[in-house]
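Take a look at the structure below.
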Amino acid sequence: MLVAPEFSISPSTSLLAGPDVRLERIDPASTPGFDGGKQAGEAKLTAGRKALSELQEKLFAESRFGSEISVLLILQAMDTAGKGGIVRHVVGAVDPQGVQHHAFKSPTEVEKQHHFLWRVKKELPGPGMIGVFDRSHYEDVLIHRVRKLAAPQLLDERYGEIREFEAELVHSGTRLIKVMLHLSKDEQKKRLAKRLERKDKHWKYNPGDLEERALWDEYQNAYQMAIERTSTPDAPWFVVPADRKWYARIAVQQLLTDVLAGMQLSWPKATFDVAEEKAKLAAT
(Lines give C-alpha, C1' and ligand atoms only; values in the text may rest on other atoms or scores of the structure.)
Protein backbone atom coordinates (compact mmCIF):
# COMPACT_ATOMS: atom_id res chain seq x y z
CA MET A 1 0.00 0.00 0.00
CA LEU A 2 1.44 3.37 -1.03
CA VAL A 3 2.19 5.69 1.88
CA ALA A 4 0.89 9.15 0.99
CA PRO A 5 3.64 11.80 1.18
CA GLU A 6 2.96 15.12 2.86
CA PHE A 7 3.40 18.59 1.41
CA SER A 8 6.90 19.92 2.01
CA ILE A 9 5.32 23.39 2.01
CA SER A 10 1.61 23.77 2.65
CA PRO A 11 -0.49 25.22 -0.20
CA SER A 12 -1.58 27.83 2.35
CA THR A 13 1.91 29.25 1.91
CA SER A 14 3.12 28.10 -1.50
CA LEU A 15 -0.05 29.03 -3.42
CA LEU A 16 -0.84 32.28 -1.62
CA ALA A 17 -1.23 35.12 -4.11
CA GLY A 18 1.06 37.82 -2.77
CA PRO A 19 1.19 41.43 -3.98
CA ASP A 20 3.71 40.53 -6.69
CA VAL A 21 1.86 37.51 -8.11
CA ARG A 22 1.88 37.22 -11.90
CA LEU A 23 -0.24 34.50 -13.48
CA GLU A 24 2.00 34.20 -16.52
CA ARG A 25 4.88 33.22 -14.24
CA ILE A 26 2.98 30.32 -12.65
CA ASP A 27 3.24 26.99 -14.48
CA PRO A 28 -0.27 25.43 -14.60
CA ALA A 29 1.34 21.96 -14.74
CA SER A 30 3.49 22.50 -11.65
CA THR A 31 2.93 20.86 -8.26
CA PRO A 32 4.28 23.34 -5.68
CA GLY A 33 5.23 21.78 -2.36
CA PHE A 34 4.46 18.21 -3.45
CA ASP A 35 7.20 15.91 -4.73
CA GLY A 36 5.10 12.84 -5.57
CA GLY A 37 3.34 11.98 -8.81
CA LYS A 38 -0.27 11.13 -9.65
CA GLN A 39 -0.37 7.86 -7.69
CA ALA A 40 1.06 9.54 -4.60
CA GLY A 41 -1.36 12.42 -5.03
CA GLU A 42 -4.35 10.11 -5.18
CA ALA A 43 -3.12 8.36 -2.04
CA LYS A 44 -2.75 11.75 -0.36
CA LEU A 45 -6.31 12.67 -1.29
CA THR A 46 -7.65 9.44 0.18
CA ALA A 47 -5.56 9.78 3.34
CA GLY A 48 -6.69 13.37 3.88
CA ARG A 49 -10.41 12.65 3.82
CA LYS A 50 -10.64 11.40 7.40
CA ALA A 51 -9.09 14.53 8.94
CA LEU A 52 -11.21 16.84 6.78
CA SER A 53 -14.39 14.95 7.60
CA GLU A 54 -13.74 15.09 11.35
CA LEU A 55 -13.01 18.82 11.25
CA GLN A 56 -16.20 19.45 9.28
CA GLU A 57 -18.21 17.47 11.82
CA LYS A 58 -16.73 19.50 14.68
CA LEU A 59 -17.65 22.72 12.86
CA PHE A 60 -21.21 21.47 12.41
CA ALA A 61 -21.47 20.19 16.00
CA GLU A 62 -20.32 23.50 17.47
CA SER A 63 -23.06 25.33 15.58
CA ARG A 64 -25.66 23.23 17.39
CA PHE A 65 -24.44 24.79 20.63
CA GLY A 66 -24.38 28.43 19.60
CA SER A 67 -21.28 28.83 17.41
CA GLU A 68 -21.86 31.09 14.40
CA ILE A 69 -18.65 30.43 12.50
CA SER A 70 -18.59 29.00 8.98
CA VAL A 71 -16.34 28.52 5.95
CA LEU A 72 -16.83 29.66 2.36
CA LEU A 73 -14.82 28.06 -0.45
CA ILE A 74 -14.93 30.12 -3.64
CA LEU A 75 -13.92 28.34 -6.86
CA GLN A 76 -13.18 30.47 -9.92
CA ALA A 77 -11.71 29.19 -13.17
CA MET A 78 -11.96 28.92 -16.90
CA ASP A 79 -14.20 26.15 -18.25
CA THR A 80 -12.90 22.56 -17.78
CA ALA A 81 -10.48 23.63 -15.01
CA GLY A 82 -11.93 21.10 -12.57
CA LYS A 83 -14.33 22.92 -10.27
CA GLY A 84 -16.78 20.02 -10.39
CA GLY A 85 -14.03 17.54 -9.57
CA ILE A 86 -13.06 19.59 -6.50
CA VAL A 87 -16.66 19.51 -5.31
CA ARG A 88 -17.00 15.74 -5.87
CA HIS A 89 -13.63 14.51 -4.67
CA VAL A 90 -12.78 17.03 -1.93
CA VAL A 91 -15.98 18.50 -0.53
CA GLY A 92 -17.82 15.27 -1.33
CA ALA A 93 -15.79 13.47 1.34
CA VAL A 94 -17.60 15.26 4.19
CA ASP A 95 -21.15 14.90 5.52
CA PRO A 96 -23.45 16.52 2.93
CA GLN A 97 -25.75 17.92 5.62
CA GLY A 98 -22.91 20.27 6.57
CA VAL A 99 -22.39 21.63 3.06
CA GLN A 100 -24.15 24.42 1.17
CA HIS A 101 -23.23 24.31 -2.51
CA HIS A 102 -24.32 26.80 -5.14
CA ALA A 103 -23.32 27.09 -8.79
CA PHE A 104 -23.80 30.63 -10.07
CA LYS A 105 -25.07 30.85 -13.62
CA SER A 106 -25.88 33.92 -15.71
CA PRO A 107 -28.09 36.22 -13.62
CA THR A 108 -31.83 35.99 -14.20
CA GLU A 109 -33.91 39.00 -15.21
CA VAL A 110 -35.01 39.36 -11.59
CA GLU A 111 -31.42 39.20 -10.33
CA LYS A 112 -30.34 41.83 -12.86
CA GLN A 113 -32.74 44.27 -11.23
CA HIS A 114 -30.78 44.08 -7.97
CA HIS A 115 -27.27 44.94 -6.83
CA PHE A 116 -24.77 42.35 -8.09
CA LEU A 117 -24.17 41.06 -4.54
CA TRP A 118 -27.87 40.53 -3.84
CA ARG A 119 -28.05 37.00 -5.20
CA VAL A 120 -24.73 36.11 -3.57
CA LYS A 121 -25.80 37.13 -0.08
CA LYS A 122 -28.80 34.79 -0.30
CA GLU A 123 -26.49 31.79 -0.75
CA LEU A 124 -24.01 32.45 2.06
CA PRO A 125 -23.36 29.51 4.41
CA GLY A 126 -25.16 29.42 7.72
CA PRO A 127 -23.48 28.72 11.08
CA GLY A 128 -21.50 25.49 11.11
CA MET A 129 -21.65 25.06 7.35
CA ILE A 130 -19.05 24.78 4.63
CA GLY A 131 -20.29 26.87 1.75
CA VAL A 132 -19.05 26.22 -1.78
CA PHE A 133 -19.47 28.71 -4.60
CA ASP A 134 -18.94 27.29 -8.10
CA ARG A 135 -18.24 30.69 -9.64
CA SER A 136 -19.32 33.67 -7.58
CA HIS A 137 -19.61 37.44 -7.32
CA TYR A 138 -16.31 37.59 -9.20
CA GLU A 139 -18.16 36.86 -12.42
CA ASP A 140 -19.36 40.47 -12.22
CA VAL A 141 -15.82 41.80 -12.59
CA LEU A 142 -14.40 39.05 -14.79
CA ILE A 143 -16.98 38.61 -17.55
CA HIS A 144 -18.02 42.24 -17.34
CA ARG A 145 -14.42 43.38 -17.89
CA VAL A 146 -13.76 40.95 -20.75
CA ARG A 147 -17.09 41.50 -22.48
CA LYS A 148 -17.09 45.22 -21.68
CA LEU A 149 -20.51 44.92 -20.06
CA ALA A 150 -19.66 47.57 -17.49
CA ALA A 151 -17.72 50.82 -17.57
CA PRO A 152 -14.19 50.80 -16.08
CA GLN A 153 -15.30 53.19 -13.33
CA LEU A 154 -18.14 50.85 -12.29
CA LEU A 155 -15.72 47.89 -12.24
CA ASP A 156 -13.38 49.86 -9.99
CA GLU A 157 -16.28 50.48 -7.63
CA ARG A 158 -17.14 46.78 -7.62
CA TYR A 159 -13.64 45.78 -6.54
CA GLY A 160 -14.07 48.07 -3.55
CA GLU A 161 -17.53 46.69 -2.80
CA ILE A 162 -16.20 43.14 -2.95
CA ARG A 163 -13.41 43.97 -0.50
CA GLU A 164 -15.92 45.53 1.91
CA PHE A 165 -18.36 42.63 1.50
CA GLU A 166 -15.69 40.03 2.20
CA ALA A 167 -14.33 42.00 5.17
CA GLU A 168 -17.82 41.98 6.68
CA LEU A 169 -18.09 38.23 6.12
CA VAL A 170 -14.80 37.61 7.91
CA HIS A 171 -15.81 39.94 10.75
CA SER A 172 -19.06 37.99 11.19
CA GLY A 173 -17.20 34.69 11.55
CA THR A 174 -16.93 33.28 8.01
CA ARG A 175 -13.50 32.15 6.88
CA LEU A 176 -12.93 32.64 3.16
CA ILE A 177 -10.88 30.41 0.86
CA LYS A 178 -10.69 32.01 -2.58
CA VAL A 179 -9.26 29.65 -5.20
CA MET A 180 -8.38 30.41 -8.80
CA LEU A 181 -7.79 27.12 -10.65
CA HIS A 182 -5.00 28.09 -13.04
CA LEU A 183 -5.40 26.08 -16.26
CA SER A 184 -3.28 26.31 -19.41
CA LYS A 185 -4.88 26.99 -22.78
CA ASP A 186 -3.38 23.80 -24.24
CA GLU A 187 -4.80 21.66 -21.42
CA GLN A 188 -8.24 23.20 -21.86
CA LYS A 189 -8.12 22.27 -25.55
CA LYS A 190 -7.36 18.64 -24.62
CA ARG A 191 -10.24 18.52 -22.15
CA LEU A 192 -12.70 20.07 -24.59
CA ALA A 193 -11.61 17.58 -27.25
CA LYS A 194 -12.20 14.74 -24.80
CA ARG A 195 -15.75 15.96 -24.24
CA LEU A 196 -16.34 15.82 -27.98
CA GLU A 197 -14.84 12.35 -28.35
CA ARG A 198 -16.93 10.68 -25.63
CA LYS A 199 -20.72 10.34 -25.82
CA ASP A 200 -20.95 10.38 -22.03
CA LYS A 201 -19.25 13.80 -22.04
CA HIS A 202 -21.25 15.49 -24.79
CA TRP A 203 -23.70 16.89 -22.25
CA LYS A 204 -20.83 18.81 -20.64
CA TYR A 205 -19.77 20.45 -23.91
CA ASN A 206 -21.08 23.90 -24.68
CA PRO A 207 -20.33 25.44 -28.12
CA GLY A 208 -20.23 28.79 -26.34
CA ASP A 209 -17.06 27.65 -24.56
CA LEU A 210 -15.15 28.32 -27.78
CA GLU A 211 -16.28 31.94 -27.73
CA GLU A 212 -14.87 32.33 -24.24
CA ARG A 213 -11.72 30.45 -25.27
CA ALA A 214 -11.13 32.98 -28.04
CA LEU A 215 -10.87 35.61 -25.31
CA TRP A 216 -8.30 33.64 -23.28
CA ASP A 217 -5.75 36.44 -22.90
CA GLU A 218 -8.44 38.92 -21.93
CA TYR A 219 -9.68 36.54 -19.23
CA GLN A 220 -6.16 36.04 -17.89
CA ASN A 221 -5.79 39.81 -17.61
CA ALA A 222 -9.16 40.05 -15.88
CA TYR A 223 -8.18 37.37 -13.36
CA GLN A 224 -4.87 39.13 -12.76
CA MET A 225 -6.68 42.38 -12.05
CA ALA A 226 -9.28 40.75 -9.78
CA ILE A 227 -6.62 38.98 -7.73
CA GLU A 228 -4.54 42.13 -7.39
CA ARG A 229 -7.49 44.28 -6.38
CA THR A 230 -9.27 41.91 -3.98
CA SER A 231 -6.60 39.78 -2.28
CA THR A 232 -6.39 40.97 1.33
CA PRO A 233 -4.77 39.52 4.49
CA ASP A 234 -8.16 38.29 5.74
CA ALA A 235 -9.49 37.19 2.34
CA PRO A 236 -6.49 36.18 0.23
CA TRP A 237 -6.47 34.47 -3.13
CA PHE A 238 -4.76 31.14 -3.76
CA VAL A 239 -3.66 30.35 -7.32
CA VAL A 240 -3.82 26.56 -7.74
CA PRO A 241 -2.10 25.01 -10.80
CA ALA A 242 -4.84 22.95 -12.42
CA ASP A 243 -3.36 21.09 -15.39
CA ARG A 244 -2.93 18.07 -13.12
CA LYS A 245 -6.36 17.39 -11.65
CA TRP A 246 -4.97 15.24 -8.86
CA TYR A 247 -2.74 18.07 -7.66
CA ALA A 248 -5.50 20.67 -7.70
CA ARG A 249 -7.65 18.37 -5.58
CA ILE A 250 -5.07 17.70 -2.89
CA ALA A 251 -4.11 21.38 -2.83
CA VAL A 252 -7.68 22.52 -2.21
CA GLN A 253 -8.21 19.69 0.29
CA GLN A 254 -5.17 20.93 2.24
CA LEU A 255 -6.29 24.56 2.06
CA LEU A 256 -9.67 23.59 3.48
CA THR A 257 -8.09 21.39 6.15
CA ASP A 258 -5.65 24.11 7.18
CA VAL A 259 -8.40 26.69 7.59
CA LEU A 260 -10.61 24.36 9.63
CA ALA A 261 -7.67 23.25 11.79
CA GLY A 262 -6.80 26.89 12.42
CA MET A 263 -10.29 27.55 13.79
CA GLN A 264 -9.39 25.46 16.88
CA LEU A 265 -12.60 23.47 16.75
CA SER A 266 -13.57 21.09 19.54
CA TRP A 267 -16.34 18.66 20.37
CA PRO A 268 -19.10 20.34 22.42
CA LYS A 269 -19.17 19.17 26.05
CA ALA A 270 -22.12 17.06 27.14
CA THR A 271 -24.96 19.01 28.75
CA PHE A 272 -25.98 15.97 30.82
CA ASP A 273 -24.38 13.61 33.32
CA VAL A 274 -22.69 10.99 31.12
CA ALA A 275 -22.27 8.43 33.91
CA GLU A 276 -25.90 8.76 34.91
CA GLU A 277 -27.07 8.29 31.32
CA LYS A 278 -24.85 5.21 30.97
CA ALA A 279 -26.46 3.72 34.08
CA LYS A 280 -29.96 4.47 32.78
CA LEU A 281 -29.15 2.93 29.42
CA ALA A 282 -27.73 -0.21 31.05
CA ALA A 283 -30.96 -0.64 32.99
CA THR A 284 -33.12 -0.68 29.86
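For Y205, are the conditions met, namely being over 24 Å from R145 (Cα atoms), of a type outside the set (K, R) and modelled with pLDDT under 95? Yes, satisfied. Here the condition is being farther than 30 Å from E42 by Cβ and open to solvent by 60 Å² or more (accessible area, probe 1.4 Å); of R163, R119, R158, R175, it holds for R163 alone. Candidates in region 122-144 are the residues that are within 17 Å of the chain's Cα centre (by Cα) and of a type in the set (D, E, K, R); of these, the one that is farthest from L73 (Cα to Cα) is E139. With respect to the conditions (1) farther than 30 Å from L265 by Cα; (2) buried (at least 21 other Cβ atoms within 10 Å of the Cβ); (3) not polar (S, T, N, Q), P125 falls short on a single one, namely (1). Scanning region 1-20 for residues being open to solvent by less than 40 Å² (accessible area, probe 1.4 Å), modelled with pLDDT of 95 or more and either under 20 Å from Q220 (Cα atoms) or part of a loop (DSSP other than H, G, I, E, B) (or both) gives a total of 4.
Quick check: is even one residue across region 274-281 of a type in the set (K, R), assigned to a helix (DSSP H, G or I) and crowded, with 16+ Cβ neighbours inside 10 Å? No, because not a single residue in region 274-281 is of a type in the set (K, R), assigned to a helix (DSSP H, G or I) and crowded, with 16+ Cβ neighbours inside 10 Å.
Residues considered: E218, E211. Of these, the only one that is of a type outside the set (F, W, Y) and under 17 Å from Q76 (Cβ atoms) is E218. Answer yes if at least one residue in region 247-262 is open to solvent by 40 Å² or more (accessible area, probe 1.4 Å), at pLDDT 95 or above and either in contact with a Lys or Arg (Cβ under 6 Å, 6 or more places away or on another chain) or not in a helix (DSSP H, G or I) (or both), and no otherwise. No, because not a single residue in region 247-262 is open to solvent by 40 Å² or more (accessible area, probe 1.4 Å), at pLDDT 95 or above and either in contact with a Lys or Arg (Cβ under 6 Å, 6 or more places away or on another chain) or not in a helix (DSSP H, G or I) (or both).
For A226, are the conditions met, namely being in contact (Cβ under 8 Å) with a residue 12 or more places away in the chain, farther than 23 Å from K44 by Cβ, surrounded by 16 or more Cβ atoms within 10 Å (Cβ to Cβ) and of a type outside the set (S, T, N, Q)? Taking the combined requirement at face value, the residue satisfies it.
Here is the figure for region 31-66: residues that are open to solvent by 30 Å² or more (accessible area, probe 1.4 Å) and either part of a loop (DSSP other than H, G, I, E, B) or among the charged types (D, E, K, R) (or both) total 15.
The values are calculated or read from the model by the stated rules, or taken from the named source; none is laboratory data. A quick note: this is a predicted structure, and the numbers were derived from the prediction, not measured. So basically every Cβ, Gly included, is an ideal-geometry build from the backbone, and we count neighbours across all protein chains shown. Note: accessible area is taken over every heavy atom of the protein model, side chains too, but ligands, DNA and RNA are not part of it. Shrake-Rupley method; radii C 1.70, N 1.55, O 1.52, S 1.80 Å.
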